[in-house]
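First up is the structure itself, then whatever we jot down about it.
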Amino acid sequence: QVQLVESGGGLVQPGGSLGLSCASSKLTNFDSLGWYRQPPGKQGELFARIVGAGTKTYADFVKGRFTISVDSANNTVDLQMYNLLHEDTAVYYCNGSNAFREDYWGQGTQVTVSS
């Protein structure tokens, strides 16, 4: 069974930085890996994705502040977040999609940006 397990998250002050990590023993099975988030009271939104050989795309609202990367040695897809804003407060989920367009999700981790 494919599992994605997130770690990281927590409380951070505005302007601060935080890293999230998503581990899977079958990371190479996925054609694309990404991070979604669901702010309180809002719909989920995809904001960072890495496809195939390493093409990365970001939503405009995180471009220049967030970085997605794959650590093949540790089988993780990581998200480094800088200059966090109040509106970045959300539950963050990692996602893996395979060649059969099957989606797998992590359990979610809370990120709260507050002073």
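The values are calculated or read from the model by the stated rules, or taken from the named source; none is laboratory data. What you see is a predicted model, and the numbers here were worked out from it, not measured in a lab. FYI the Cβ positions are ideal-geometry reconstructions off the backbone, even for glycines, and counts take in every protein chain you see. Note: accessible area is taken over every heavy atom of the protein model, side chains too, but ligands, DNA and RNA are not part of it. Shrake-Rupley method; radii C 1.70, N 1.55, O 1.52, S 1.80 Å.
All other residues whose Cβ lies under 12 angstrom from that of PHE61 are scored, Lys and Arg at +1 and Asp and Glu at -1, for a net of -1.
Sequence-distant contacts, meaning Cα pairs under 8 Å at least 6 residues apart, place the relative contact order of the stretch 37-91 at 35 percent. For the pair ASN98 and GLN3, label points projected 7 Å from Cα toward Cβ lie 1.7 nm apart.
Structural size metrics of the chain, computed from C-alpha coordinates, are Rg and Dmax of 13.4, 43 Å.
Using a 1.4 Å probe over the heavy atoms of the protein chains, calculate the carbon and sulfur portion of the accessible area of the stretch 1-82 as a whole percent.
46 percent
Peptide packing: for 34-40, 84-90, 11-17, the average count of neighbouring Cβ atoms within 10 Å per residue gives the ranking 34-40, 84-90, 11-17, highest mean first. What's the local net charge at ASP78, with K and R +1, D and E -1, over the other residues with C-beta under 11 Å away? Once all neighbours under 11 Å are counted, the net charge is -2. Average accessible surface for the chain: 55 Å² per residue, computed with a 1.4 Å probe over protein heavy atoms with every protein chain in place.
Among residues other than PRO14 whose Cβ falls under 14 Å from its Cβ, what is the net charge (Lys/Arg +1, Asp/Glu -1)?
Its environment carries a net charge of -1.
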